[in-house]
Amino acid sequence: MKYLLGLILSFSMTQAIITIVPVELGKKPGLSGAIKGSSEKKKGNTDTNYYSGGIKLQYDNNSSYVIWSDFTGSYGEANGEENANKTYAHIRYIHTLYEKSINWETFVQSETNKFTKVEEKYLVGGGLRYNFLEEDYGDLFFGLGGFHEKISYTTTIDPAETNFRLNTYLAYRLKFGDDSELAYVLYYQPNSENFSDYIMSNAFGVKIHVYKKLFLSFIIYYDEDSEPAIGIKKYDYTQKTSFIWEF
């Protein structure tokens, strides 16, 4: 465990992937992970460059707990001007409550996003989750909890925020073919003092086995923030195609 935590912290400044697949106890005993990367380059009428990549780490003791982490980042330019610059880091600990289908979990997370004016965003929270379905029909999880968040912005117009949000989510995974799978996750996170202030996130992904430990990933994200920074749109839509090497 000391080795794992040290390895996680050593990657805290790198770029990596955001996991939408629900992590289950006992599925990958021991230390495992994945490296993911994507890039796009255009020249001619439009000059664009976009890069994204990173690493996922996970440790499963095969009996009562699993700890996993994702670190991600992306950078882009269009016609010589920066148009994307963001980072994300998440560490989560999941432990069996009194049977394998019911777990308690706790997590910490940090984010930056230059183009939504988020200089720093930190949160810490936890809750309970329940696994509804058996493996033959896919895995469906429901989570309920809360988290404390602190946000600072790059502008002086937007005041710093400190909130407590409720956290509910549904996560589903279905395996098919030769180690391929599809997954969907929905998060709904209202402010506990003002339910009209909410964050909602959707992600749908397909991971296709290509060769040995190599996979192709296609993910669609749709995120909505009812009260973003001044001048920022309330929604973001993203399509991302990447190659993944698991280990």
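The values are calculated or read from the model by the stated rules, or taken from the named source; none is laboratory data. Keep in mind that this is a model prediction, so the values were computed, not measured. Ideal geometry is used to build each Cβ from the backbone, glycine not excepted, and the neighbour counts take in all protein chains shown.
Only a single item in (1) under 23 Å from PHE115 (Cβ atoms); (2) among the small types (Gly, Ala, Ser); (3) at pLDDT below 95; (4) surrounded by 12 or more Cβ atoms within 10 Å (Cβ to Cβ) is not met by SER226, and it is number (3). Give the residues of the range 146-168 that are at pLDDT 95 or above and either under 17 Å from the mean Cα position of the chain (by Cα) or outside any strand (DSSP E or B) (or both), sorted by residue number. Listed by number, the residues that qualify are GLY146, PHE147, GLU149, ASN167, THR168.
Taking the conditions (1) in contact with a strand residue (DSSP E or B) (Cβ under 8 Å, 6 or more places away or on another chain); (2) at pLDDT below 90; (3) surrounded by fewer than 19 Cβ atoms within 10 Å (Cβ to Cβ); (4) not charged (D, E, K, R) in turn, HIS95 satisfies each one other than (2).
State which residue is farthest from VAL23 (Cα to Cα) when the search covers only the range 135-153 and only residues that are aromatic (Phe, Trp, Tyr) and surrounded by 13 or more Cβ atoms within 10 Å (Cβ to Cβ). Walk me through how you get there before you give the answer.
At the first step, the residues of the range 135-153 found to be aromatic (Phe, Trp, Tyr) are 137, 141-142, 147, 153.
If we keep only those that are surrounded by 13 or more Cβ atoms within 10 Å (Cβ to Cβ) as well, we get 141-142, 147, 153.
Values: PHE141: 10, PHE142: 13, PHE147: 20, TYR153: 32 Å.
The extreme case among them is TYR153.
For the range 66-81, a residue qualifies if it is over 12 Å from TYR51 (Cα atoms) and modelled with pLDDT of 90 or more, and the qualifying residues are VAL66, ILE67, TRP68, SER69, ASP70, PHE71.
When the range 107-145 is filtered for residues that are part of a strand (DSSP E or B) and small (Gly, Ala, Ser), the ones remaining, listed by number, are SER110, GLY125, GLY126, GLY127, GLY143, GLY145. For the range 175-198, what are the residues that are outside any strand (DSSP E or B) and either crowded, with 16+ Cβ neighbours inside 10 Å or of a type in the set (Gly, Ala, Ser) (or both)? Those that are outside any strand (DSSP E or B) and either crowded, with 16+ Cβ neighbours inside 10 Å or of a type in the set (Gly, Ala, Ser) (or both): GLY177, SER192.
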